[in-house]
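For reference, the structure is listed below as structure tokens.
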Amino acid sequence: MNDQEYMRMALRLAERGAGWVSPNPLVGAVIVKNGRIIGQGYHERYGELHAERNALASCTEDPRGADMYVTLEPCCHHGKQPPCVDAILEAGIRRVAIGSVDPNPLVCKKGIQILRDHNVLVKENVLREECDRINQIFFHYIQTKRPYVTMKYAMTMDGKIAAYTGASRWITGETARRHVQEQRHRNRGIMVGIGTVRADDPLLTCRMEGGRDPIRIICDSKLCTPLTSQIIQTARDVPTVIATCCTDAKKHTAYQESGCQIIVTEEKDGHVDLPTLMERLGEKQIDSILLEGGGTLNWAALESGIVQKIQTYIAPKLFGGRTAKTPVEGTGFPTPADSVLLKNTTITRIGDDLLIESEVDSHVHRDR
């Protein structure tokens with residue numbers, strides 16, 4: 001096996017931490033000696049051992065003189081765990097192959113330099129694109145202190161998210177719906193608007209076996225979420241945040257007594273100020289949000305520039321209907337030149353449906 005093959009093994013290990021290590025990165029490590037894999041590990045839970053230390057702890061023989069393959073630059077600072085570079089040096093690892101450089105200012109290139117200063121051979125950028133890709137969320141969060149927002153919606157091939165009657169269950173098939181539950185597990189937060197709560201009375205939990213419930217975030221500018229809704233009734237069991245422009249402390253009390261946290265922002269165009277909300281959520285270590293809103297909130301999110309990625313599930317169905325709802329409503333952009341541009345698009349078949357994923361070209365969006 002070569003460097004790329006060992007790094008692919010480390011990538012597969014890293015993915016096992018998805019949904020559990022937030023707001024830390026996904027990291028996997030493989031240790032090889034004399035052509036044999038003698039240790040492997042990954043970052044399993046936030047606050048627990050990092051991948052390098054887990055891999056060293058699993059070694060079946062002395063790792064002195066071995067090679068380590070790690071998807072992200074080893075840390076060199078004290079956080080919830082001691083520096084991984086110390087463990088690598090103490091173990092006598094001869095060579096370290098690294099996928100991504102850690103953009104965290106506390107680490108960036110410093111971990112690599114410490115290893116080299118102690119005569120450890122370091123090879124950088126092994127499968128860097130793949131290693132960067134699994135940590136899009138971490139890279140965005142560590143550099144901006146704001147959550148990475150993925151706008152997700154399901155629609156028919158004629159662009160409808162519901163029939164003209166408002167009926168929307170179900171647009172996609174069971175396989176695609178299972179995939180959505182995996183996305184809920186992977187993202188630390190899930191956000192909808194008051195319109196969705198009123199129309200669907202959703203739980204917004206993760207229904208994947210062994211999955212982790214995201215923190216529920218409701219954008220409710222006037223603070224009128226029904227106290228009888230499933231979200232409020234279960235707020236003591238599943239962390240729930242209500243973002244509002246309402247400053248009436250007395251009105252807050254009923255929600256707080258139900259277990260909700262309240263975040264108050266300034267009013268912007270009659271609604272919650274979304275960029276400010278992202279800053280406040282980032283302070284709570286919410287590094288990623290799955291936006292499952294309706295057309296109104298989706299438009300506001302795009303217009304305010306908080307969205308990094310679009311996930312569109314497309315079902316082979318046609319609903320028709322002049323008044324049937326579409327994924328993005330609002331005022332809309334006046335010309336094609338003003339639109340939000342997308343890039344790095346991929347298409348995946350999921351059962352009978354298609355999943356189209358694109359990144360928002362934020363540079364173009366800012367400069368419109």
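The values are calculated or read from the model by the stated rules, or taken from the named source; none is laboratory data. Quick caveat: nothing in here was measured; it's all calculated off a predicted structure. Counting neighbours? That spans all protein chains shown, and the Cβs are built from the backbone with ideal geometry, glycine included. Please note that ligands, DNA and RNA were not included when accessible areas were found on the heavy atoms of the full protein model with its side chains. Shrake-Rupley method; radii C 1.70, N 1.55, O 1.52, S 1.80 Å.
Every condition in (1) crowded, with 16+ Cβ neighbours inside 10 Å; (2) closer than 29 Å to Ala324 by Cα is met by Ile262 except one, and the failing one is (2). The sole residue among Asp67, Asp62 that is open to solvent by 50 Å² or more (accessible area, probe 1.4 Å), modelled with pLDDT of 95 or more and of a type outside the set (Lys, Arg) is Asp62. Considering the conditions (1) assigned to a loop (DSSP other than H, G, I, E, B); (2) surrounded by 18 or more Cβ atoms within 10 Å (Cβ to Cβ), Gly320 is excluded by exactly one of them, (2). Within the stretch 104-114, the only residue that satisfies the criterion of being open to solvent by less than 50 Å² (accessible area, probe 1.4 Å), more than 28 Å from Glu61 (Cα to Cα) and not hydrophobic (A, V, I, L, M, F, W, C) is Asn104. Within the stretch 85-103, the set of residues being assigned to a helix (DSSP H, G or I) and either surrounded by fewer than 18 Cβ atoms within 10 Å (Cβ to Cβ) or of a type in the set (Val, Ile, Thr) (or both) comprises Val85, Asp86, Ile88, Leu89, Glu90. Scanning the stretch 21-55 for residues that are hydrophobic (A, V, I, L, M, F, W, C), open to solvent by 10 Å² or more (accessible area, probe 1.4 Å) and closer than 16 Å to Leu72 by Cβ returns Leu26, Val27, Leu49. Every residue in the stretch 115-130 that is closer than 21 Å to His77 by Cα and buried (at least 18 other Cβ atoms within 10 Å of the Cβ), please. Selection gives Leu115, Val120. Remark: pairs (first residue in the stretch 6-34, of a type in the set (Phe, Trp, Tyr); second residue buried (at least 21 other Cβ atoms within 10 Å of the Cβ); Cβ separation under 7 Å; 6+ apart in sequence or on different chains) = Tyr6/Val30; Tyr6/Val32; Tyr6/Tyr69. For the stretch 198-242, taking the residues that are in contact with an Asp or Glu (Cβ under 6 Å, 6 or more places away or on another chain) and surrounded by 20 or more Cβ atoms within 10 Å (Cβ to Cβ), the one that is farthest from Val264 (Cα to Cα) is identified as Cys206.
If only residues of the stretch 293-307 that are within 19 Å of Asp200 (Cβ to Cβ) and part of a helix (DSSP H, G or I) are counted, the one that is most open to solvent (accessible area, probe 1.4 Å) is Thr296. I need the full set of residues from the stretch 224-254 which are part of a strand (DSSP E or B) and among the small types (Gly, Ala, Ser), in order please. Scanning the stretch 224-254 gives a single hit, Ala243.
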